[in-house]
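*Asks:* Let me begin by handing over the structure; questions about it come next.
All of the numbers you see were taken from the coordinates with simple rules; none came from a lab. Note that this is a predicted model, so its numbers are computed, not measured. Note: ideal-geometry Cβ built from the backbone for every residue, glycine included; neighbour counts use all protein chains shown.
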Amino acid sequence: MEEKNYSIDPVTEELARKAEKEGVETLWDRKKAMKTPCGFGEQGLCCRICAMGPCRISPTEGKGAQRGICGATADVIVARNLARMIAGGLATHSDHGRDIAHVLHMASRDGNYKITDEKKLLNLAAEWKIQTENRDIYDIAHEVAEVALNEFGKPFGALKLLERAPEQRKQVWEKNQIIPGAIDKEIVTIMHSTHIGCCANAEDLIYKGMKGSLADGWGGSMIGTELSDILFGVPVPRETEANLGVLEEDQVNIIVHGHEPSLSEMIVLAVEDPELLQLAKEVGAKGINLAGMCCTSNEVTMRHGIKIAGNFAQQELAIITGAVEAVIVDVQCIFPALAPLAKCYHTKFITTSPKAKITGATHIEFEEEKALASAKQIVKEAILNFKNRNKEKVFIPQAKSPAMVGYSVEAIKNQLDRVVNSNIDEIGTLKPLADCIVSGVLRGAAGIVGCNNPKIKHDYGHIELMKELIKNDIIIVTTGCAAQAAAKAGLMSKEARKFAGKGLERVCELVDIPPVLHMGSCVDISRILLLVSELAQLLQVDMSALPVVGAAPEWMSEKAVSIGTYVVTSGIDTWLGVVPPVTGSATVVDLLTNKAEDIVGAKFYVEPDPRKAAQQMIERIEEKREALGLSL
Ligand code: NFS
Ligand code: SF4
């Protein structure tokens, strides 16, 4: 049997072997070359915030340096570093949300960007008390965009979308004074407070981090999701396929990679352009095959069923197939390694965002004002590159899995309506889901999200955890690279219900869903927040009372730190499969994994073994059920 080193995914293993044979390196090679990571950094004990340092604090109490040159303690240094990670993640998601708001602001009837979901726009306008009667839909859209843009910099007041949370939750935030104001302000405050000689109280720094994180989940990310739905459509269930086997030997293969749908939506349109299809024929290809990578993939698969090429750890492998004419990227989670790697094959590595230029890549700036024309130019580059493909280097693994995707909150309600007796029940609510949880047919729900990280065998953390949980009648909602792991492993096909426990299997049959529901990209974790918030309001309890848990089994990014923090701050216990760099401070560890429960009603758990994590999650869910008096 073939030895499996890096991944539980055979396609990944095969291509990693191809890379070795061809002498090109991947993240796993570089991970090996990195040797043992720096112990100070690993524990969060290294401070580079000013030029008197860098300072590093000895992890052993009473031995070696116990304070930085300014006198900062281990607690302060660890908390400051963590708060800065949150600010980084919050900035990234929020800048994405802001970009989408700008796109909505430029939307017009005869332009490239149009309003696709008027209903969602009108609902949001009503929520924000924007006049809608006798107004052109585009005028309304522009005002909604302006209000959204103001959320980033308004001088006074709390973020508007926080209003959507249950009353009990808002009180928790209020009591702890962690209700965020303008999104940019929260980032700035964290950067300010963590400057040399400013905040030197670990607990307070954690509160600042929590407050900032809420401006991500209930702010920038939620704006990103809402406005993307208005522009490009609310996702509905549809079929797709996942893994690098979706590449086609006889077609021009294009990969979109990154995050913001404003680029990828236009690429989706461009590849259907008759002139470009004709050009593809002229260069000897049978067609143009578009597939996605990372969260951009999640955006376009949710809305168009575009095939999923793979997740974070597979981005290099796409190029290593030798069959990809272009990898088109915008922002975030893009390995700089793709630039030198693309030069070993014929692949064009095309950057498009002024925010993410990469040395060695071809930069074709994507101009939103002439979005479709820009997209067509980029696709043309890919087509013209087909002739450079070296057939001897091409190897496309034949494996791919069918998957159902597109489960927005709206789509989930729609599916649930199938079991509703419309004579007595209201349709379009989460009540059937709440009923299943109350009766115990479903024990609870888990949100499994996040990245890949070579510290964990690729996809193993995600898949083991999901399998364990569905077996125990816990329904799963997922986003990001975790969702792609599930799609590849077949957990999003309807047949996957056979892996579920009796209760969940029955629910899947009746409602016609897979046991693992794809809810989108990482900014779409805001959908999960709203799902849990609505469930809580239906059952008239706080979010922290529900038998609901979260997990990021293979997380790696600052974005994931911000997400984990806002999920916990929203009252949902969260399991991490990778230890965060905080172990150098017993105070911070105690705050995150213990005291947080008294503060916000939920806490972090760290458990690298997904099976153990699953057991802990099941126990926790049962505890919550008992506390709510739900059936055993
Ligand atoms: Ni989320 Fe998406 Fe993937 Fe992690 Fe990166 S793509 S925004 S950060 S690696 S899940
Ligand atoms: Fe050292 Fe303090 Fe400067 Fe950090 S802020 S590098 S601990 S002197």
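*Asks:* With N set to the residue count of the chain, report its C-alpha Rg divided by 2.2 N^0.38 Å to two decimal places.
*Replies:* Compactness ratio reported: 0.94.
*Asks:* Here's something else I'd like to know. Can you give me the P(r) profile for the range 187-317? Cα pairs, bins 10 angstrom wide beginning at 0, each as a whole percent.
*Replies:* 11, 30, 25, 17, 11, 5, 1
*Asks:* Same structure again: Using θ = phi - 60° and the Karplus form 6.51 cos²θ - 1.76 cosθ + 1.60, what ³J(HN,Hα) does each residue of the range 537-550 get, whole Hz, x for Gly and Pro?
*Replies:* Values, residue by residue: 5, 4, 8, 6, 9, 6, 4, 5, 7, 6, x, 9, 9, x Hz.
*Asks:* Report the extension gain between residue 435 and residue 132 in nm, rounded to one decimal, defined as 0.36 nm multiplied by the number of residues separating them, less their alpha carbon distance.
*Replies:* Fully extending the segment from residue 435 to residue 132 adds 105.5 nm.
*Asks:* Using a Förster radius of 30 Å, what is the FRET efficiency between residue 188 and residue 142 based on their Cβ-Cβ separation? Nearest 0.05, please.
*Replies:* FRET efficiency, residue 188 to residue 142: 0.65.
*Asks:* Here's something else I'd like to know. If the limit is 19 Å between Cα atoms, which of 488/612; 63/603; 467/502; 114/160; 393/455 go over it?
*Replies:* 488/612; 63/603; 114/160; 393/455
*Asks:* Report the Cα centroid-to-centroid distance between the range 526-540 and the range 146-207 in angstrom, as an integer.
*Replies:* Measuring centre to centre over Cα atoms gives 21 Å.
*Asks:* Moving on to the next point. With the Cα gyration tensor of the range 270-356 giving a ≥ b ≥ c as the square roots of its eigenvalues, does the rule (a/c under 1.5 for rounded; else a/b larger than b/c for prolate; else oblate) give rounded, prolate or oblate?
*Replies:* In terms of gyration-tensor shape, oblate.
*Asks:* I'd like to compare 179-185, 117-123: which one has the highest average count of other Cβ atoms within 10 Å, and what's the full order after that?
*Replies:* In descending order of packing, they fall as 179-185, 117-123.
*Asks:* Using a ≥ b ≥ c from the Cα gyration tensor of the range 244-393 (square roots of the eigenvalues), is it rounded, prolate or oblate, where a/c under 1.5 gives rounded and otherwise the larger of a/b and b/c decides, a/b for prolate?
*Replies:* rounded
*Asks:* So between residue 170 and residue 471, what do we pick up on full extension, going 0.36 nm a residue minus the alpha carbon distance?
*Replies:* Length gained between residue 170 and residue 471: 104.9 nm.
*Asks:* Another question about this same structure. Below 14 angstrom from the Cβ of residue 582, what's the summed charge of the other residues (Lys, Arg +1; Asp, Glu -1)?
*Replies:* -1
*Asks:* In whole Å, what is the distance between the alpha-carbon centres of the range 118-138 and the range 19-81?
*Replies:* For the range 118-138 versus the range 19-81, the Cα centre distance is 50 Å.
*Asks:* Could you state the number of Å between the C-alpha centres of the range 571-629 and the range 324-385?
*Replies:* Cα centroid to Cα centroid, the span is 40 Å.
*Asks:* Once the Cβ-Cβ distance between residue 238 and residue 586 is put in as r, and R0 is 41 Å, what FRET efficiency do you end up with, to the nearest 0.05?
*Replies:* According to the calculation, E is roughly 0.25.
*Asks:* Something else now. Measuring from label point to label point, each 7 Å out along Cα→Cβ, what is the residue 106 to residue 203 span in nm?
*Replies:* 4.9
*Asks:* Within the range 265-308, list the GluC sites (Glu not before Pro) lying in a DSSP loop whose Cβ has at most 13 other Cβ atoms in a 10 Å radius.
*Replies:* 272
*Asks:* Once label points are set 7 Å from the Cα along Cα→Cβ at both residue 343 and residue 626, what is their separation, rounded to one decimal in nm?
*Replies:* For residue 343 paired with residue 626, the spin-label model returns 6.2 nm.
*Asks:* Given a Förster radius of 51 Å and the C-beta distance between residue 359 and residue 421 as r, what FRET efficiency does 1/(1 + (r/R0)^6) yield to the nearest 0.05?
*Replies:* About 0.25, to the nearest 0.05.
*Asks:* Ok, one more. Between 346, 531, 328, whose Cα lies farthest towards the positive end of the dipole of the chain when Lys and Arg beta carbons carry +1 and Asp and Glu beta carbons carry -1, centred on the Cα centre?
*Replies:* 346
*Asks:* So which GluC sites (Glu not before Pro) in the range 363-467 end up in coil per DSSP with only 13 or fewer other C-beta atoms within 10 Å?
*Replies:* In loop regions of the range 363-467 (DSSP not H, G, I, E or B), the sparsely surrounded GluC sites (Glu not before Pro) are 365, 367, 426.
*Asks:* Can you pull out the GluC sites (Glu not before Pro) in the range 133-175 whose DSSP state is coil and whose Cβ has at most 15 other Cβ atoms within 10 Å?
*Replies:* 133
*Asks:* Sticking with this one: Computed over the Cα atoms, what is the radius of gyration of the range 404-628 divided by 2.2 N^0.38 Å, N being its residue count?
*Replies:* Rg over 2.2 N^0.38 Å, computed on Cα atoms: 0.96.
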